[in-house]
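**Q** Quick one: this structure, given as structure tokens, is what I'll be asking you about.
The values are calculated or read from the model by the stated rules, or taken from the named source; none is laboratory data. In this text, all values refer to a predicted model and were calculated from it rather than measured experimentally. Note that we place each Cβ from the backbone using ideal geometry, even for glycine, and neighbour counts take in every protein chain shown. Surface areas here come from the heavy atoms of the whole protein model, side chains and all, with no ligands, DNA or RNA. Shrake-Rupley method; radii C 1.70, N 1.55, O 1.52, S 1.80 Å.
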Amino acid sequence: MLIHVDAVPDIVTVGKPFGNGHPISAVITTQAIARSFAQTGMEYFNTFGGNPVSCAIGLAVLEVIEKENLRGNALQVGEYMLQGMKELQQKHLIIGDVRGVGMFIGVELVKDRNTKQPATAEAQHVIYRMKENYILLSADGPHRNVLKFKPPMVFTIKNADRLLHQLDLVLSEIAMGSDELKDPGVGSASCVPKCTESQSHQNDIVKVLIKGEVKVSNEVKVNGTDTGEPPNKVQKVV
């Protein structure tokens, strides 16, 4: 049962998070529904259904979730994040609403809190600026103006503090330079100049793991030699 929702689903489907990224899915239902499906006489066949490798991975993930109390962590950290987002809402007028359950949180950005006019361009700016600081977000909703936060279940209070701090900085940037933002559309800017520049060069940036540190470079080397080729044409980066 979802928190604050008086409903119990009859069928639940889960995907790759069930395997921590491994391609696995499952259907969870009641015994009565499962029996009724079997009684239809319909033949069901799946080439990879119930294979031992995927089953072992799924069981291992469930075991870790249980042993490390990751559901409890999701509730604790999620509530901390939700409260932090609501505090940012009091500071930044661009935040029209904050809502969520656990660590699945949506922050709706608006140009005007009364009219609820969606701040789509601003939301895209936030996404690109956060990405420049190694924090990945996405936008959702009909107008793509709802920032979607769904961190992994191992997310900590310390991680949440960094996220909230960086989001505060980016929203402050928007407040100071809001005149430069334009609505996205044909022939118009989708974000401020700094964001546009980042977007146009995002395919030229390669993260190279060197001695345990992530460094960002515009140069691509294969076996220690400059290739002169863009990253998307290089098969192996060392």
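**Q** Going by the structure shown, is residue 7 free of Cβ contacts under 8 Å to residues at least 24 places away in the same chain and surrounded by 12 or more Cβ atoms within 10 Å (Cβ to Cβ)?
**A** Taking the combined requirement at face value, the residue does not satisfy it.
**Q** Of everything in region 10-46, what is within 16 Å of residue 58 (Cα to Cα) and either open to solvent by less than 60 Å² (accessible area, probe 1.4 Å) or assigned to a strand (DSSP E or B) (or both)? Give them in sequence order.
**A** Result: 12, 13, 14, 15, 18, 19, 21, 22, 24, 26, 27, 28.
**Q** Give region 162-177 a look and list any residue that's closer than 17 Å to residue 87 by Cα and either of a type in the set (S, T, N, Q) or touching a residue at least 24 places away in the same chain (Cβ under 8 Å) (or both), or say none.
**A** The answer is 162, 163, 164, 166, 167, 168, 170, 171, 172, 175.
**Q** Let me ask you something else. Being within 19 Å of residue 175 (Cα to Cα) and either touching a strand residue (DSSP E or B) at 6+ places or on another chain (Cβ under 6 Å) or without any contact (Cβ under 8 Å) to a residue 24 or more places away in the chain (or both), is that true of even one residue in region 98-107?
**A** Yes, that holds for at least one residue.
**Q** Scan 100, 58, 72, 78 and give me the residue that is touching a helix residue (DSSP H, G or I) at 6+ places or on another chain (Cβ under 6 Å), part of a helix (DSSP H, G or I) and at pLDDT 90 or above.
**A** The unique qualifying residue is 58.
**Q** What's the number of the condition residue 136 fails, among (1) within 17 Å of residue 89 (Cα to Cα); (2) surrounded by fewer than 15 Cβ atoms within 10 Å (Cβ to Cβ); (3) of a type in the set (A, V, I, L, M)?
**A** (1)
**Q** Next up: Of everything in region 124-153 that's of a type in the set (A, V, I, L, M, F, W, C) and in a loop (DSSP other than H, G, I, E, B), which residue is nearest to residue 107 (Cα to Cα)?
**A** 137
**Q** Let me ask something else. Within region 112-122, is even one residue buried (at least 17 other Cβ atoms within 10 Å of the Cβ), under 20 Å from the mean Cα position of the chain (by Cα), touching a residue at least 12 places away in the same chain (Cβ under 8 Å) and closer than 17 Å to residue 165 by Cβ?
**A** Scanning region 112-122 turns up no residue that is buried (at least 17 other Cβ atoms within 10 Å of the Cβ), under 20 Å from the mean Cα position of the chain (by Cα), touching a residue at least 12 places away in the same chain (Cβ under 8 Å) and closer than 17 Å to residue 165 by Cβ.
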